[in-house]
Amino acid sequence: MKINRLAREEVLRSLVTSEKGLSGEEAKRRFLEFGPNEIRETRKTPLVLRFLRQFTHFLAVLLWIGAGLAFLSEYLNPGEGMLALGLAILGVIVINALFTFVQEYRAEKSFEALKQLLPFHVKVLREGKEKEIYAREVVPGDILTLSGGDRVPADARIIETVYCMVNNAPLTGESEPVPLTAGACGGELIESRNIAFAGTSIVSGSAKAAVFSTGMRTEFGRIAHLTSAVEAGLSPLQKEIVKVTRVIAFLSTLMGIGFFLIGHFIGRSFWENFIFAVGIIVANVPEGLLPTVTLSLAMGSQRMAKKMALIKTLTSVETLGSVTVICTDKTGTLTQNRMEVKRVWFDRKFIAEHSIGDLRSGDIMTAARLCNNARFSDGQFKGDPTEVALLKAAGGTAEAGEAERIFEIPFDSERKRMTTLNRIGDTAIAFTKGALESVLPLCTRLRLGGESVPLDEELKKEIVSASHSLMDSGLRVLAFAYKVSNELGVMRNEKINNAALDSSLEANLVFLGLVGLEDPPRPEAAEAIGKCRGAGIRVIMMTGDGSRTALSIAREIGLVSGSPVIIEGSDFVKMRDSELRERLSAKEVLFTRMTPKHKMRIVTILKGEGERVAVTGDGVNDAPALKKADIGIAMGITGTDVAKEAADIILLDDNFATIVNAVEEGRTVYENIRRFISYIFSSNIPEIVPYLAYVLFRIPLPLTIMQILAVDLGTDMLPALALGAEKPTPAVMKQPPRPPGERLLNAKLLGRAYLFLGPIEAVACMSGFFLVLKLGGWQWGEFLPAGNPLYMQATTACLTAIIITQAANVFACRSDRESVFSIGLFSNRLIFLGIATEVLLQFFIVYHPWGNMIFSTSPISLHIWLVLIPFAFLLFFAEEGRKFAVRNLRRG
């Protein structure tokens with residue numbers, strides 16, 4: 001018989017388990033029998049195929065064609081060096097494929113490692129005690145304890161439920177929450193209301209469920225071929241770089257063909273023109289750009305993880321840098337989420353913190369203790385921080401046998417209250433706690449002097465005034481009430497689980513009093529908000545607390561200074577979009593008494609106004625807003641599994657300052673990519689100019705294709721990666737967010753690389769080339785064969801000049817605005833490692849026989865180095881002068 005049709009006792013018997021769950025030994029045995037509770041990927045591209053793909057992209061195809069033409073020309077006209085050229089081009093293809101594959105593989109592995117920082121945990125009963133274990137360790141027969149926001153880890157039969165609603169959208173596509181029941185159900189398993197399926201999420205309430213299927217045996221596992229991992233597409237930044245690379249390759253090809261024809265008309269041979277055309281293509285195309293960008297983004301994500309921000313997608317790193325508005329919760333994000341009861345209003349008077357202990361045997365502390373889901377176990381308090389604070393103030397934990405909970409109406413963000421029905425002796429008492437505006441309308445009497453008296457309008461005004469007094473002190477205020485429910489006929493062994501009790505339990509209550517809880521602001525919140533202000537980012541607080549509490553905290557942390565626009569939830573729902581849009585345009589805005597569903601509307605309007613929005617959330621109802629925002633940020637400590645799944649970033653410490661640090665890091669990653677693009681593109685000019693001079697002025701070719709490759713895929717790589725590791729500078733958070741339409745490769749960047757830095761390098765390399773020729777007695781128009789020692793020394797000097805000026809260019813590219821001296825000459829030690837490696841490689845190329853053989857070089861004397869080194873200083877100080885002029889123009 002299907003498990004959904006079995007009664008509760010039969011379910012436990014069929015799974016060979018009990019209400020207390022499995023023993024530790026039995027759980028281990030079943031884990032070995034059934035294996036880990038994981039959905040295995042049914043389709044993943046093998047590494048071999050992924051590697052082979054590196055040989056078929058647009059750039060590789062161009063190079064394949066070039067190699068093929070070189071080999072064809074060697075066959076048709078041997079002895080012209082085309083064989084060596086063809087082999088060199090093949091070397092480029094292989095090196096580029098290896099580099100790209102390794103970088104992508106490293107990036108993928110780094111993300112897999114980051115995911116391990118936030119494993120999926122679940123609560124199970126083992127030998128009667130609740131334990132938190134990894135979801136992969138769940139086995140058939142385990143008893144799960146589920147609550148609002150939890151993700152269901154395996155297919156399980158519900159055996160106990162309290163107002164439990166589940167969202168089956170991942171399995172059925174239906175997003176409307178479905179109520180769960182513990183009774184037997186007929187029909188198909190997929191339609192049963194007593195089954196919680198793997199991959200679905202609990203929306204509200206709580207339940208206990210017995211696991212009957214795990215891993216690939218679950219319904220989710222059976223359709224794994226539909227949900228298997230699909231390879232992630234390229235991010236917008238990567239697409240832009242692919243597009244730019246293709247455009248440059250296309251233009252380079254046209255340039256090569258154009259100069260091939262020019263060479264033909266001025267009388268150069270076919271093979272000279274062919275070498276020139278291939279050289280132009282190889283010199284222009286930035287072969288290592290895309291894998292370097294991928295690695296830089298991955299490195300940025302790892303740095304963010306060290307700062308307690310877990311990035312789930314590469315796209316998030318890019319988007320972070322352009323955020324203009326951060327919509328943030330207050331509790332736990334701007335504050336420490338360390339609740340502590342500070343003041344109580346009871347019996348029409350305020351009780352200070354040091355006297356609260358005297359109330360522990362009184363009515364209001366009994367309500368705080370029994371209308372509470374926090375608990376004390378294993379020597380520590382566990383549960384929601386607010387409820388833990390109430391439990392501590394009420395005396396720790398209830399005495400065994402003091403009360404038995406019969407029924408519960410869970411808290412939810414719409415009702416803003418929670419009610420429990422408890423048996424104390426032979427009496428059933430309902431306790432209610434929640435927001436004052438939610439609880440007070442339900443009350444008809446007030447507990448005063450040990451009796452209940454009618455609650456008239458004057459007493460209600462006094463209660464509201466007391467609440468305002470607490471909130472003005474920055475305290476979070478909860479109201480408490482109770483009701484003796486003898487009329488329900490609760491007997492000692494009777495349990496009530498009837499939704500019809502709702503209205504009767506929460507009617508004609510006796511108001512007990514108010515409890516004020518302090519949640520101190522995070523010490524770093526004020527500085528983080530100041531950083532946002534300086535960076536042109538607006539911060540909007542959205543909280544469920546009252547306006548007075550929110551305003552007090554906002555002033556304390558510097559979020560508001562004047563008279564902000566305050567929008568309460570009750571007013572929010574009445575506003576038209578046009579009115580809300582006008583209110584949102586104010587400089588300082590606070591949203592109070594908000595529910596998670598309101599966030600979606602705020603995010604939608606802000607995005608409609610052209611803002612790039614980051615929004616925080618931790619509850620299951622926050623998921624739509626997290627998905628709608630440009631950047632969804634979930635809380636790693638207090639956040640539900642559903643919120644974490646919907647978010648782009650997970651804060652491992654729930655701290656607002658971490659968001660600001662992540663924005664700073666996101667901006668820095670974007671700037672770093674620009675830095676190493678400037679560096680790589682600058683060397684294109686000194687690689688192209690020798691070929692232009694070769695074809696236009698009929699001189700020996702100053703730089704061979706192999707020597708170009710030595711720069712692009714050898715000496716330039718480590719310094720470029722070092723630029724990708726630059727730390728945030730103070731200036732990065734003192735400028736407005738970049739416009740959404742701003743391109744990574746804009747005219748400013750290309751102009752600086754191609755028209756300023758590149759030409760200085762070109763002058764250096766051509767000066768080195770002609771200096772060696774002149775010293776060797778070369779005359780203009782004299783032909784020098786490829787193996788001529790003077791020619792090889794001249795090309796070596798040309799290559800060395802590029803390497804020397806690129807060493808200075810690393811420092812020049814560290815910022816396009818700030819002086820290197822203000823950033824800190826030694827603040828990025830990786831640059832010195834990159835330069836040292838660059839110089840060592842050049843020494844190998846110039847002075848080692850193998851380097852001479854591979855790159856057709858010849859040793860040059862020390863005085864050539866001494867002539868070339870000043871060009872490095874020329875480039876460095878010319879760039880410092882340009883930056884100085886730009887800064888002065890901006891100040892003016």
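Observations, loosely collected:
- Of all residues in segment 837-872, those that are more than 21 Å from SER767 (Cβ to Cβ) and either open to solvent by less than 50 Å² (accessible area, probe 1.4 Å) or in contact (Cβ under 8 Å) with a residue 40 or more places away in the chain (or both) total 5.
- Within segment 608-634, being more than 17 Å from ILE540 (Cα to Cα) and out of contact with any Lys or Arg (no Cβ under 7 Å at 6 or more places or on another chain) holds for GLY619, VAL620, ALA623, PRO624, LYS627.
- Top-ranked residue in segment 52-70 [being in a helix (DSSP H, G or I) and crowded, with 17+ Cβ neighbours inside 10 Å; ranked as modelled with the lowest pLDDT]: LEU59
- For LEU125: the one exception among (1) open to solvent by 50 Å² or more (accessible area, probe 1.4 Å); (2) touching a Gly at 6+ places or on another chain (Cβ under 8 Å); (3) at pLDDT 90 or above: (1)
- So GLY636, is it more than 24 Å from ILE566 (Cα to Cα) and either acidic (Asp, Glu) or open to solvent by 10 Å² or more (accessible area, probe 1.4 Å) (or both): yes
- Which listed residue is open to solvent by 10 Å² or more (accessible area, probe 1.4 Å), modelled with pLDDT of 95 or more and polar (S, T, N, Q), from SER473, SER465, SER503: SER465
- Residue ID - nearest to LYS123 (Cα to Cα), chosen from residues in segment 1-25 that are assigned to a helix (DSSP H, G or I) and hydrophobic (A, V, I, L, M, F, W, C): LEU12
- Of the residues THR331, THR292, THR313, the single one that is within 30 Å of VAL61 (Cα to Cα), modelled with pLDDT under 85 and open to solvent by 10 Å² or more (accessible area, probe 1.4 Å) is THR313.
- Check on LYS628, among the basic types (Lys, Arg) and buried (at least 23 other Cβ atoms within 10 Å of the Cβ): no
- Filter pass, THR800 being in contact (Cβ under 8 Å) with a residue 60 or more places away in the chain, closer than 30 Å to VAL660 by Cβ and of a type in the set (Ser, Thr, Tyr): no
- Enumeration of residues in segment 757-792 that are open to solvent by 60 Å² or more (accessible area, probe 1.4 Å), outside any loop (DSSP other than H, G, I, E, B) and either in contact with a Cys (Cβ under 7 Å, 6 or more places away or on another chain) or over 21 Å from SER858 (Cα atoms) (or both): VAL763
- Consider segment 510-543 and keep the residues that are buried (at least 21 other Cβ atoms within 10 Å of the Cβ) and of a type in the set (Gly, Ala, Ser). The one that is nearest to ASP618 (Cα to Cα) is ALA525.
Here's the yes/no breakdown for (1) aromatic (Phe, Trp, Tyr); (2) out of contact with any Cys (no Cβ under 6 Å at 6 or more places or on another chain); (3) at pLDDT below 70; (4) farther than 30 Å from ASN672 by Cβ:
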{"site": "HIS225", "(1), (2), (3), (4)": "no, yes, yes, yes"}
{"site": "ALA229", "(1), (2), (3), (4)": "no, yes, yes, no"}
{"site": "PHE250", "(1), (2), (3), (4)": "yes, yes, no, no"}
{"site": "GLY256", "(1), (2), (3), (4)": "no, yes, no, yes"}
{"site": "PHE265", "(1), (2), (3), (4)": "yes, yes, no, yes"}
{"site": "ARG268", "(1), (2), (3), (4)": "no, yes, no, yes"}
{"site": "VAL278", "(1), (2), (3), (4)": "no, yes, no, yes"}
{"site": "VAL282", "(1), (2), (3), (4)": "no, yes, yes, no"}
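- Flag if ALA209 is modelled with pLDDT of 85 or more, outside the structural domain of GLU408 (by TED's automatic domain parsing), in contact with a Ser or Thr (Cβ under 9 Å, 6 or more places away or on another chain) and in a loop (DSSP other than H, G, I, E, B): no
- Beta carbons closer than 6 Å, at least 6 apart along the sequence or on distinct chains, pair a first residue in segment 642-667 that is at negative phi with a second that is at pLDDT below 85 and of a type in the set (Asp, Glu) for ALA643/ASP618; ALA643/ASP622.
- Qualifying positions in segment 560-616 - among the basic types (Lys, Arg), part of a loop (DSSP other than H, G, I, E, B) and either surrounded by 18 or more Cβ atoms within 10 Å (Cβ to Cβ) or touching a strand residue (DSSP E or B) at 6+ places or on another chain (Cβ under 7 Å) (or both): ARG593, ARG612
- Residue in segment 681-696 that is of a type in the set (Gly, Ala, Ser) and within 21 Å of SER815 (Cβ to Cβ) present: yes
- Subset of segment 641-655 (residues that are touching a helix residue (DSSP H, G or I) at 6+ places or on another chain (Cβ under 7 Å) and open to solvent by less than 30 Å² (accessible area, probe 1.4 Å)): VAL642, ALA643, ALA646, ALA647, ILE649, ILE650, LEU651
The values are calculated or read from the model by the stated rules, or taken from the named source; none is laboratory data. Computed from a prediction, not measured in an experiment: that's the story for all the values here. Note: ideal-geometry Cβ built from the backbone for every residue, glycine included; neighbour counts use all protein chains shown. Heads up: the accessible areas ignore ligands, DNA and RNA and are worked out on the full protein's heavy atoms, side chains in. Shrake-Rupley method; radii C 1.70, N 1.55, O 1.52, S 1.80 Å.
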